[in-house]
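Before any comments, here is the structure.
The values are calculated or read from the model by the stated rules, or taken from the named source; none is laboratory data. These numbers were taken from a predicted model, which means no experiment stands behind them. Neighbour counts are summed over all protein chains in view; Cβ atoms, including those assigned to glycine, are modelled from backbone coordinates with ideal geometry. When the accessible area is computed, the model is the full protein with side chains, heavy atoms only, and any ligands, DNA or RNA have been set aside. Shrake-Rupley method; radii C 1.70, N 1.55, O 1.52, S 1.80 Å.
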Amino acid sequence: MRKDTKEAISNPVFTKIVDSSRDLDLETYVIGGFVRDFLLGNKAPKDIDIVTVGSGIALARKVAEKLSGKPRVQVFKNFGTAMVHYQDFELEFVGARKESYRKESRKPTVENGSLEDDQKRRDFTINTLAISLNKSTYGQLLDPFQGLQDLQKGIIRTPLDPEITYSDDPLRMLRAIRFAAQLDFEIEISSLQAITTHKERIRIVSRERIVDELHKIMLCKKPSTGLRLLHKTELMPLILPELSALEGIEEVEGQRHKDNFWHTLEVVDNISRNTDDLWLRWAALLHDIGKAPTKKFDKKIGWTFHAHEFVGSKMVYKLFKRLRMPLNEKMKFVQKMVLLSSRPVILSKDFVTDSAVRRLIFDAGDHIDALMTLCEADITTKNPARQKKYLRNFKLVRKKITEVEERDRIRNFQPPISGELIMATFNIPPSKEIGVIKDAIKEAILDGEIPNEHQPAYKFMLDQGRKLGLKPIKDQD
Ligand code: ATP
Ligand code: MG
C-alpha cells in the first residue's frame, strides 16, 4: 500500500488547482477513485475528482485560465459540476454537498455542505478518501470513515448505514459487486445483507448503467467473483434470468446432468485467462443459455438439450434487446459463437474429416480462432486424464484447420464462379437455376469433391447446368 499522498498530487496540474483554490479562498480536495487507485499502487488514474467547499464551477473556470492552452470548461449546471480535459486528464470539479433521496428516483436533492458531508454521500469508505489541496494541510489524507483501513484489509463497506446507502441509490449494489471483482475485495456482511434485502430496487436503475457495470465485471481478471456475488445477493435473476435458469442438477432414474450455471462461471474464468475480448467473454457467459428451455429426459439416452445452441443464439438477441445492448455486429458475433459452440467438440470426438473442417471454417469465417478459444474454455472436467484428452483433440482440430485453410482458403469463402458467369455461359436470365448451380459448386468444394479453384469449378458448373437441361452457349445453335 502506498502512503506518500504528496506524491499522488505531484503532477503540476495539481499546483494550478492549489493556486486557483487559494485565489478564490476555497477549501479543496482530490477525492474518490483517484486517491483509492493511487494508494493501491494501481496505474495513475486519468479521471481526477476535485471537490471544493463552494462553487466547483467557479474553481474549474479559474483552473482552466491558469492551464496552458486554456482548455474549455464544460459546465453541467443541473449537477453543479464542471469538467476540464487537459492533456490526458479528465478533471471533474464539484462543490461539496449533502444529499437526500426520494423513493422513486436515483436522483437526490442536494444542498451545499462540508467536506465531511460530501464524503458521507459517497458509496464506499474506500471511495471517501480525500487528499488536501490546501496550503496549511497540503497532502494530508482526510479519512473520517477508516477508508484506508478498509483499503488495506480489502473490504467494501459503506460510510453510512448500508440499508440507506443501497436503498437510496441501488446502482451502488452493482458498484459494490464490481469493485469486489475488480479489486478482489470482500463485501462486508451487513452490506451483502442490505443488497439482498433491497435487490428489487435495481429496477429503478437504467439498463445502460446496469450493462456498464456488467461489462466491467466481465472484463475483470476473474469475472466469476462478480457473477458469484450477483448470484449470492439474488440480483442475478433480476438482471440475467437466463443464467439463473441454468442453476441446479436434476436426477431422473439415477441419471444426473451437470449444473450448467456453475459450469458457465468456470468457462468464463477459463476464457478470461486467454482473451481480453469483452464480447468473446460474453459469448462464454451465454454459450449454454439455450439449455434451460431445451432440457428433456429421455428414457433411452438420458438428459438431452436438443438444439440448445440454436435456441440459445435466438435468446441472445432477446437478452441484448432487453438490456439495451447494441444489436449490431457484436451481438451477431455472440450469436454465432453460441450457435457454433458445440461444433468443434463434435469434430474432436469423431475421426476428423477434411470436409467437416472445411464446413466449420466456412461457417465460422474469421471467428474460427475465437470459437476454438471458447471450446477450449468449455472443458471443465475435473478428471485430469479426460481434460488432457480433450485439449489434445482440440489441438488436432486446430492443426487440421490450419492445414485445410492453407490448401483450400475457405475462410470468407468467395464463390470461384459468379452468377454473371453462369448467366453468360448458358445464356439465361436471372433465375432459380443460378442459385442451384452456385450452391452445388459451394457444396462440392466444401465436400472436397473439387478444389476451390476456377478451372475445376467451371467444369463442374458445365456438368451441373447440363443436368438441369441447360446448354452452354458455345454448344448452342
Ligand atoms: P471507476 O472510475 O473505476 O469507475 P471511481 O471510484 O472513480 O471508479 P466514478 O464513477 O468515477 O468511480 O466516481 C468517482 C467517485 O464518485 C467515486 O470514487 C465515489 O466516491 C463517487 N461515486 C460515484 N458513483 C457513486 C454513487 N452511485 N454513489 C455514491 N458515490 C458515488
Ligand atoms: Mg473514476
Residue list for region 84-120, filter: surrounded by 17 or more Cβ atoms within 10 Å (Cβ to Cβ), free of Cβ contacts under 8 Å to residues at least 60 places away in the same chain and within 16 Å of ligand 2 (Cβ to nearest atom) = Val84, Glu92, Phe93, Val94
task = Pick out the one residue from Thr52, Thr81 that is more than 21 Å from Arg175 (Cα to Cα), in contact with a strand residue (DSSP E or B) (Cβ under 6 Å, 6 or more places away or on another chain) and within 16 Å of ligand 2 (Cβ to nearest atom).
result = Thr81
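Residue-by-condition table, conditions (1) modelled with pLDDT of 95 or more; (2) more than 15 Å from ligand 1 (Cβ to nearest atom):
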residue	(1), (2)
Ala60	yes, yes
Asn78	no, yes
Met83	yes, no
Arg102	no, yes
task = Being in a helix (DSSP H, G or I) and modelled with pLDDT under 95 is the filter; apply it to region 295-347 and report the residue that is most open to solvent (accessible area, probe 1.4 Å).
result = Ile346
ask   = Looking at region 1-105, what strands (runs of 3 or more DSSP E) fall wholly within it and have at least 3 residues that are within 30 Å of Asp184 (Cα to Cα)?
value = 27-31, 47-53, 89-95
query = Which condition does Lys221 not pass, out of (1) exposed (fewer than 15 other Cβ atoms within 10 Å of the Cβ); (2) out of contact with any helix residue (DSSP H, G or I) (no Cβ under 7 Å at 6 or more places or on another chain), if it passes all the others?
reply = (2)
ask   = Within the set of pairs 6 or more residues apart or between chains, which connect a residue that is hydrophobic (A, V, I, L, M, F, W, C) and open to solvent by 20 Å² or more (accessible area, probe 1.4 Å) inside region 155-174 to a residue that is more than 10 Å from ligand 1 (Cβ to nearest atom) and outside any helix (DSSP H, G or I) with Cβ atoms less than 9 Å apart?
value = Ile155/Phe185; Ile155/Glu186; Ile155/Ile187; Ile155/Glu188; Leu160/Phe145; Ile164/Tyr101
Residue under evaluation Leu133, criteria (1) open to solvent by 10 Å² or more (accessible area, probe 1.4 Å); (2) closer than 18 Å to Pro45 by Cβ; (3) not hydroxyl-bearing (Ser, Thr, Tyr), criterion not met = (1)
